1. Which of the following residues is in a helix (DSSP H, G or I), within 11 Å of another protein chain (Cβ to nearest Cβ) and in contact (Cβ under 8 Å) with a residue 12 or more places away in the chain: A:THR148, A:THR179?
2. Does B:ASP59 satisfy the criteria of being surrounded by fewer than 16 Cβ atoms within 10 Å (Cβ to Cβ) and under 20 Å from the mean Cα position of the chain (by Cα)?
3. Look at A:ARG141 and say whether it is in a helix (DSSP H, G or I) and either touching a Pro at 6+ places or on another chain (Cβ under 6 Å) or touching a residue at least 24 places away in the same chain (Cβ under 8 Å) (or both).
4. A:GLN130 - would you say it is crowded, with 20+ Cβ neighbours inside 10 Å and either among the acidic types (Asp, Glu) or within 23 Å of A:GLU24 (Cα to Cα) (or both)?
5. Could you check the range B:2-74 for helices (runs of 4 or more DSSP H) lying wholly inside it with 1 or more residues that are near DNA strand F (Cβ under 9 Å from one of its atoms) and hydrophobic (A, V, I, L, M, F, W, C)?
6. Of all residues in the range B:70-109, which are open to solvent by 50 Å² or more (accessible area, probe 1.4 Å), over 9 Å from the mean Cα position of the chain (by Cα) and within 16 Å of B:LEU56 (Cβ to Cβ)?
7. Take the range D:26-69 and flag every residue that is closer than 24 Å to A:LYS39 by Cβ and of a type in the set (Ser, Thr, Tyr).
8. Any residue in the range B:36-47 that is at positive phi, free of Cβ contacts under 8 Å to residues at least 40 places away in the same chain and either within 16 Å of DNA strand E (Cβ to nearest atom) or of a type in the set (Asp, Glu) (or both)?
4 protein chains.
Amino acid sequence: MARGNTRQRIQDVALELFAEQGYEKTSLREIAERLDVTKAALYYHFKTKEDIVISLFQDIVRPLDELIAWAAEQPRTLETKTEILRRYHDALTRAAPLFRFMHENQATVRDLSIGVDFKDRLVRLSELVQEPDLPMADRVRCVSALFTMHAGMFFLQHVDGDPEEKRKAALEVAVDLITQAHTGHA
Amino acid sequence: MARGNTRQRIQDVALELFAEQGYEKTSLREIAERLDVTKAALYYHFKTKEDIVISLFQDIVRPLDELIAWAAEQPRTLETKTEILRRYHDALTRAAPLFRFMHENQATVRDLSIGVDFKDRLVRLSELVQEPDLPMADRVRCVSALFTMHAGMFFLQHVDGDPEEKRKAALEVAVDLITQAHTGHA
Amino acid sequence: MARGNTRQRIQDVALELFAEQGYEKTSLREIAERLDVTKAALYYHFKTKEDIVISLFQDIVRPLDELIAWAAEQPRTLETKTEILRRYHDALTRAAPLFRFMHENQATVRDLSIGVDFKDRLVRLSELVQEPDLPMADRVRCVSALFTMHAGMFFLQHVDGDPEEKRKAALEVAVDLITQAHTGHA
Amino acid sequence: MARGNTRQRIQDVALELFAEQGYEKTSLREIAERLDVTKAALYYHFKTKEDIVISLFQDIVRPLDELIAWAAEQPRTLETKTEILRRYHDALTRAAPLFRFMHENQATVRDLSIGVDFKDRLVRLSELVQEPDLPMADRVRCVSALFTMHAGMFFLQHVDGDPEEKRKAALEVAVDLITQAHTGHA
DNA sequence: AATGAATGAGGATTCATTCAT
DNA sequence: TATGAATGAATCCTCATTCAT
């Protein structure tokens, strides 16, 4: 009946449920039931529950790695930094559910083996929009720029307004923040 | 053996473990073992596991409510807003582990009955540092100001530097953000 | 505050709850809460949970024993038998909740130490309304007479009609049954 | 190891234990141990403990429903009523342990979701052996007829005599009772 | 005459995982 | 490419009971 797309369908449903209810509160039974297969079927495609999450992370980590690699080769100009934010914003938008899952399940993700990897990348990324020897406040601005976009995606849900507009505004503020950090805002 | 402090001790250990490992991954058995009491003893003091968390939240919600009440009565000047941030920063610092728990277990907290309450308060607080009819970017700044302090407490752990200094810098940036929002930063 | 009547109050509440929900599904916590005392208070008055039931049974067993003793001394006439039924009917009416409890919790009562006693008394009573060497059908009639009154109290709840009238009718039928058994109904 | 008969085996053992010790005093651990499987295995076959009982009831409810349906279509003659009793007697005999369980665990069965259903059927059945507008005593006779057979199966255990003979006698008395009710026994 | 604090044993249930087919 | 059947370990929670005060 279902062809070779089962693996993909598992990932889709899993992500949906993980994002919605959290990792621990989503059981393999639940995933299987939604797909109308048995739990055992899941094990044909993934070695463990954690394996499913890991596979999901690939989708997020690869673009992130590419972004980091690209950024590392650019001159550290304001334009580059702006472009980094723009691209991160893009990744965020495209993989929104996954980021949401990450964001809301940090305690879980933290000891999920890939948790560390992800955090490292965020740190790395925040470094790439910083300047060495920046005053602390400006370093905070750079980190905050990243977080502002996260906030723009998740917390701003609870604030009224057009989602698209809110995301754009978040990007704008983020860019503003690194600009200030970059120029040593008088 | 142990006197009337058991309830408090449960809360302490619970908070510690919840913050460290997450809510779901902390079992009552674990809490009980650390305290060298039986699981049943926990149930003498708290009706359910959720009840323990709820009791913890009281410590956070009360100061927050006081802050909100106070803020609602002040004139909406920049000084007031700055003071709100300062006080929130204080609350954050004092109840750091609890905020950390909240921050890292959002998926869990969300459907923990008090989850909604807490989020509502954050929304309310972000409104109190905003101006009505602000352009979206400035509204994002206000929300971001709050989040920056969160980031200052949790994500910045992974950035080197003196914790005290980082927190102060976070507050500074937050104040800066609402200042920009307030003055309609030319 | 409460004086020497606590013991009695415990029995009252316990009987009420036992009859309503069954013995196992009624916890001492529940009883204590209803009385607004602690569980420990129950243990001041009764050694165990079973002890509470046992104490309740006294109220039923004593009248029954008196009835049996009285019956054993009477001539085995139809009048006597009728009077036995009448008196049993009385006991049943007076201690309705307790009989209801017994009736609906036989599995529990059975291994409750006094369970056997009670059953023995019923058997004894059924013998007292029989004649030795009666054909089996007539012996069934005698047992059935007893059960008819039980049915009259409990199952007939679910049949419409005035309770008083139903109970009287049950007694009437019961008397009829032993009359048939006594006279060897042609 | 064991093939497709596990579900059936669970039902068998469960019924045996439920009838012997009562529903609440029979734990799933006990059932599992008797079958030499784990508790979890029970949950593969039944969603809850209650589900096991429900499944058992199917065996009793179906024949009962058929009997009721059949009876509803017959003319309300004495022959029909007699046949109803006879068939009920059959059902009772065949599913004796189940009826015994029901009989002795009424308090439990009552709020077991199917409890109501079963009682409704008994009421319905008692109506089918009655005549409309019968005097109360005769209505009691009809109910008593049903109960006599129950008594014949359970209470009469404690009376000596051949079980087969006792059951037959119970049926005989029951028939007698509805005959009296039917003919308006002068 | 009663409470506050606790225990130990056990309850039903759920979970991720396995493996023969 | 899956399923049916099962396991072992853990979960939260409840209960009757105890005892020092």
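1. On the way: A:THR179 fails: within 11 Å of another protein chain (Cβ to nearest Cβ).
Criteria check complete, one pass: A:THR148.
2. Numbers: surrounded by fewer than 16 Cβ atoms within 10 Å (Cβ to Cβ): yes; under 20 Å from the mean Cα position of the chain (by Cα): yes.
Considered against the rule, which asks whether it is surrounded by fewer than 16 Cβ atoms within 10 Å (Cβ to Cβ) and under 20 Å from the mean Cα position of the chain (by Cα), B:ASP59 comes out as yes.
3. Numbers: in a helix (DSSP H, G or I): yes; either touching a Pro at 6+ places or on another chain (Cβ under 6 Å) or touching a residue at least 24 places away in the same chain (Cβ under 8 Å) (or both): yes.
Yes; evaluated as a whole, the condition is true for this residue.
4. Values: crowded, with 20+ Cβ neighbours inside 10 Å: yes; either among the acidic types (Asp, Glu) or within 23 Å of A:GLU24 (Cα to Cα) (or both): no.
In short, no.
5. On the way: elements: B:6-21, B:28-35, B:39-45, B:49-73.
By residue number, B:28-35, B:39-45, B:49-73.
6. B:ARG94, B:GLN106 - these are the residues of the range B:70-109 that are open to solvent by 50 Å² or more (accessible area, probe 1.4 Å), over 9 Å from the mean Cα position of the chain (by Cα) and within 16 Å of B:LEU56 (Cβ to Cβ).
7. Listed by number, the residues that qualify are D:THR38, D:TYR43, D:TYR44, D:THR48, D:SER55.
8. Our first condition is that a residue be at positive phi; within the range B:36-47, this holds for B:36.
Pick out the ones that are also free of Cβ contacts under 8 Å to residues at least 40 places away in the same chain and you get B:36.
Subset that is either within 16 Å of DNA strand E (Cβ to nearest atom) or of a type in the set (Asp, Glu) (or both): B:36.
Yes.
The values are calculated or read from the model by the stated rules, or taken from the named source; none is laboratory data. A quick note: this is a predicted structure, and the numbers were derived from the prediction, not measured. No Cβ is skipped: glycine too gets one built from the backbone with ideal geometry, and neighbour counts run over all protein chains shown. We work out accessible area using only protein heavy atoms, side chains counted, and drop any ligands, DNA or RNA first. Shrake-Rupley method; radii C 1.70, N 1.55, O 1.52, S 1.80 Å.
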